[in-house]
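One structure below.
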Amino acid sequence: MRAKIIVLGVVSVLIILNVLTFIDAYPQTGTTEPLPGGWGSRSILAKDFSAYYIGAWRLIHDASQVYTFGNVSDGEPPIYPHPEPYKYLPSFLLMVVPLLLVGYQQALTIFDLFQLLLLPLIAYMTYKLVNKKGVVVTLIVVVIVLLQPSPLPNWGFSVTYYWQWAEGQAKVLETFLLLLSFYLGSVGKPRLSGVALALSAFDPRFAIVALPLFVMYNKDRILASVTALIGAFVVSNIMLLYPSLGAGFLNMSYGSGMTTPLYPYALIPLITVVSISVVNWKEIVAAFRALLSHSSPK
């Protein structure tokens, strides 16, 4: 009980510090200032959320233009100087479509606040996944997941989370879906675990990194989880069969998609998955050995 109280207290402090970081970052959501530190090549940039918002609008009204860079004269909402290019799989746009009911700036704020509200759920799932490793390990992992502390002047208590909120990025949602997949696997729900990982794979880089943990948590019903993963991934991205949309995705993937650097907010899901993988490396190795022994010829 004492350990739970300590973890709860630390989690509460971490979430409060993240909320304060959000408050510091929020004024940035309405600006078009250049990214610091050489992160962007253009002098003035719209926020990353602009790619999601315009991408969702195009998916509904002009799907052939989803991966087109810049403004398109097809009646889409204007964003100064132009919307950022969309670089994810189209499945993510299905999650963004409801935000088209409000204007761009309102949608960005709602998206940020929704992800902020996911932090307690992220904390709960993180605790359930690592608490058996002891209180010290649990505290280290929850600090990594919930804040990634890196206080710098004017950037709140975390550089990664500051730019997550300032850009209206989707990395907290992605982290939530990855952890949800692990958690569902750990409680014996392999099909739902597969669906959650498929939904997280709109940016496939982190889903690929998460595969060892996915296998570990679903090792007892791996066929059911993998079948659900593949099925949900195919269904949620079925619109890629639309020729012009599919061609746009391929052009993006082999062009700007391949050269996109790892921005600070990308460390939120990446370090989360890596830290839980490190904590469970013995279990991961054992799970793969068991699967290989079962699949090898007798």
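State whether one or more residues within segment 224-244 are crowded, with 19+ Cβ neighbours inside 10 Å, under 17 Å from Tyr52 (Cα atoms) and out of contact with any Cys (no Cβ under 8 Å at 6 or more places or on another chain).
yes
Of the residues Tyr80, Tyr88, Tyr124, Tyr67, which single one is hydroxyl-bearing (Ser, Thr, Tyr) and more than 23 Å from the chain's Cα centre (by Cα)?
Exactly one residue qualifies, and that residue is Tyr80.
Would you mind finding the one in Trp155, Trp163 that is among the hydrophobic types (A, V, I, L, M, F, W, C), crowded, with 20+ Cβ neighbours inside 10 Å and in a helix (DSSP H, G or I)?
Residue meeting the stated conditions: Trp163.
Among the residues of segment 138-169, count how many are modelled with pLDDT of 95 or more and more than 20 Å from the chain's Cα centre (by Cα).
Going through segment 138-169 one residue at a time, the tally reaches 3.
From Leu147, Leu108, grab the single residue that is surrounded by 15 or more Cβ atoms within 10 Å (Cβ to Cβ), over 21 Å from Asp203 (Cβ atoms) and among the hydrophobic types (A, V, I, L, M, F, W, C).
Details: Leu108 fails: over 21 Å from Asp203 (Cβ atoms).
One residue alone meets the criteria, Leu147.
Given the criteria in contact (Cβ under 8 Å) with a residue 12 or more places away in the chain and not hydroxyl-bearing (Ser, Thr, Tyr), does Pro78 qualify?
Numbers: in contact (Cβ under 8 Å) with a residue 12 or more places away in the chain: no; not hydroxyl-bearing (Ser, Thr, Tyr): yes.
For Pro78, the condition - in contact (Cβ under 8 Å) with a residue 12 or more places away in the chain and not hydroxyl-bearing (Ser, Thr, Tyr) - is not met.
Among the helices (runs of 4 or more DSSP H) contained in segment 1-100, which hold 2 or more residues that are touching a Phe, Trp or Tyr at 6+ places or on another chain (Cβ under 6 Å), modelled with pLDDT of 95 or more and more than 30 Å from Val141 (Cα to Cα)?
Counting at least 2 such residues, we get 49-61.
If you go through segment 164-177 one residue at a time, do you hit one that is under 17 Å from Ser277 (Cβ atoms) and of a type in the set (Phe, Trp, Tyr)?
Start the filter on segment 164-177 by keeping residues that are under 17 Å from Ser277 (Cβ atoms), which leaves 174-175, 177.
Add one more test, that the residue is of a type in the set (Phe, Trp, Tyr), and what stays is none.
Taking every residue of segment 164-177 in turn, none turns out to be under 17 Å from Ser277 (Cβ atoms) and of a type in the set (Phe, Trp, Tyr).
From Tyr124, Tyr67, which residue is of a type in the set (Ser, Thr, Tyr), out of contact with any Asp or Glu (no Cβ under 7 Å at 6 or more places or on another chain) and surrounded by fewer than 20 Cβ atoms within 10 Å (Cβ to Cβ)?
Tyr124
What pairs come up if the first residue lies in segment 274-286 and is in contact (Cβ under 8 Å) with a residue 40 or more places away in the chain, the second is of a type in the set (Gly, Ala, Ser) and surrounded by fewer than 19 Cβ atoms within 10 Å (Cβ to Cβ), and their beta carbons are under 7 Å apart, counting only those six or more places apart or on different chains?
Ile284/Ser277
State whether the residues of segment 121-137 include one that is β-branched (Val, Ile, Thr), modelled with pLDDT of 95 or more, in a helix (DSSP H, G or I) and closer than 26 Å to Val96 by Cα.
Within segment 121-137, one or more residues are β-branched (Val, Ile, Thr), modelled with pLDDT of 95 or more, in a helix (DSSP H, G or I) and closer than 26 Å to Val96 by Cα.
Does segment 288-298 contain at least one residue that is under 18 Å from the mean Cα position of the chain (by Cα), assigned to a loop (DSSP other than H, G, I, E, B) and modelled with pLDDT under 90?
No, every residue in segment 288-298 fails to be under 18 Å from the mean Cα position of the chain (by Cα), assigned to a loop (DSSP other than H, G, I, E, B) and modelled with pLDDT under 90.
The values are calculated or read from the model by the stated rules, or taken from the named source; none is laboratory data. For clarity, every value in this text was computed on a predicted model and none was experimentally measured. Here Cβ is always computed from backbone atoms with ideal geometry, including for glycine, and neighbour counts include all displayed protein chains.
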